[in-house]
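Q: This structure is in structure tokens; I'll ask about it shortly.
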Amino acid sequence: MVQVAGDDELAAGLRLLRGEWKARSGGELDVRAGSLDDLAAGLAGADLVIFPSRWLGHLVERGDLRPMRRSVLDSAELGFNDLFPALRSGELRYAGQIYALSLGSPPLMACYDGAAEQSPGNEPPQPAARTWDEFDSIKTGAEAPRPAALPLADRAAAISLLGRALGYIEPHRRSEALFDPASMAPGITQPPFVRALTEMVAATEPPPEIPLDFAAALGRVHTGQSAAALGWPTIVKTSAAIAAATRPLHWAPLPVGRQIYQQLQATWENQSTPARVTLLGAEGRLVGVTTATRNAVAAFELAQWLTAGDPAVQLSSRSGGTLWFRASQVPLAGKWLGPPGPAAPADQAATIAAVDQALATDSPVLIPRLPSIDEYLNALAQAVRSAEPGEASARTALEAASAAWESITDRLGRDKQLRAYHRHLNIDEGGPD
């Protein structure tokens, strides 16, 4: 039995593969769809589990997942080296091992109104928002500047803040920016986060009556109400509200900061060519074999089959939380993006190139895969929404979030959370206790 957590589209797609799996293996493919709350409650009876990538540490530390067998990882059928580097060298590794296989993980990206700058010759539009201050108020063509639509509903508020703040942090410190690896002390009160939150509040003043989630923010861009937003391309395909709109979207890497905070000197330094950020873990789906399975051989074979070849394309492309994840899938990227619609072919090609560039790094920044990571993100999101205009208010809100994070860590066990954080960083390569 396969338990699918928090993704009804994937569960539906998996059911469509039952006949093909039976013809291949002779076995039945039972599918159970559930919520993330169900996942938190346990994996009773599941042989395989499909789950958000940020939950990897939670499941490993709870003892729910078996490490992937070397025979699977080395198999030609799986084609592990066909995976993008950001996945095979980054997101899939936990405590120095591979505990799950990927169904795709979209990097957080910037999205722009492509109708505002249609170029002759079918060329894609080129918004000038390379930096965050440009992103907040984009002037496209002859139009007056229009504010970006910032996603602030639920965990989107926390993820939006992280995407912005990381651009102000020295590249070699980004992977450890949220927690001190020596103590688990939160890093979210540091100047890059304060600046990022101050800017976000200023950019959303007055705040929307109802906070936008990622889909709603992209919907505003798609209807011409806003010039830009954050998200990832597959949201467009799975959102009915966006599908009804007509304006093309132009996707690009996250903006960066004009300045980087030098931690040792406690100063800001101008940057002429700041390094881009690839942030993974806002979404993404993994497939893992459970420790409870009574038929591990079949479970590992099924995991491999679902994440390679045609079944992987059929399954992954149904979800709004995935993206193509293999070099061999790039020619099939339209399966994830959907019909071009009003977007020019050149614009869709630019989107594919931007995604491929983001996933080409072997050192992405990952949302910490800690037990109860969503608790941490929810506390940070609440603080983001509570902040009022001004740096002092942003600092106060982040101090409140930091205190909430400390409380969560102490409740779950600081030593346990610290060791899980080390495993997330692949510092500690030991197995779960």
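Q: Distance from a point 7 Å along Cα→Cβ of SER363 to each backbone N in the range 394-433: keep the residues under 16 Å and list them by number.
A: In the range 394-433, the label zone of SER363 (backbone N under 16 Å from the point 7 Å along Cα→Cβ) covers 425-427.
Q: While we're looking at this one, here's another question. For the chain, what does the helix formula give at 222 nm: sum of -39500 (n - 2.57) over DSSP H segments with n ≥ 4, over the residue count, nearest 500 deg cm²/dmol?
A: Calculated at 222 nm, the ellipticity per residue is -10500 deg cm²/dmol.
Q: Another question, then. Evaluate Rg over Rh across the chain, taking Cα atoms for both radii and Kirkwood's formula for Rh.
A: Result: Rg/Rh = 0.96.
Q: Give me the extension gain from ASN426 to VAL330: residue separation times 0.36 nm, minus the current Cα-Cα distance, reported in nm with one decimal.
A: My answer for the length gained is 31.7 nm.
Q: Working only with C-alpha atoms, what are the Rg and Dmax values of the range 1-45, expressed in angstrom?
A: Computed over the Cα atoms of the range 1-45, radius of gyration and Dmax are 11.5, 34 Å.
Q: Of GLN271, LEU10, ALA292, whose Cα points farthest to the positive end of the dipole of the chain (charges on the beta-carbon: +1 Lys, Arg; -1 Asp, Glu; origin at the Cα centre)?
A: Looking along the dipole axis, the top candidate is ALA292.
Q: Moving to a separate point now. If I model a spin label at TRP268 and ALA40 as a point 7 Å from the Cα along the Cα→Cβ vector, what separation in nanometres do I get?
A: Once both label points are built, they end up 3.7 nm from each other.
Q: Now, a different point. With the Cα gyration tensor of the range 301-433 in hand, give its eigenvalues times 5 under a square root as the equivalent ellipsoid semi-axes, listed largest first in whole angstrom.
A: 36, 24, 13
Q: Between GLU28 and ARG247, what is the label-to-label distance in nm when each label sits 7 Å out along the Cα-to-Cβ direction?
A: 5.1 nm
Q: Name the residues whose placed amide hydrogens come within less than 5 Å of the amide hydrogen of THR131, ignoring near sequence neighbours (fewer than 5 apart) on the same chain.
A: Under 5 Å from the amide H of THR131: VAL256.
Q: State, to one decimal in nm, how far the label point of ALA292 lies from the label point of ARG70, with both points 7 Å from Cα in the Cβ direction.
A: 3.0 nm
Q: Considering only DSSP states other than H, G, I, E and B, which GluC sites (Glu not before Pro) in the range 1-94 qualify as loop sites with at most 12 other Cβ atoms within 10 Å?
A: The qualifying sites are GLU28, GLU77.
Q: Rounded to the nearest 20 Debye, what is the dipole magnitude of the chain about its Cα centre when Lys and Arg each give +1 and Asp and Glu each give -1 at the C-beta?
A: So the magnitude is around 620 debye.
No lab work stands behind these numbers, since they all come straight from the coordinates. A quick note: this is a predicted structure, and the numbers were derived from the prediction, not measured. Cβ sites come from the backbone with ideal geometry, for glycine too, and all protein chains shown count toward neighbours.
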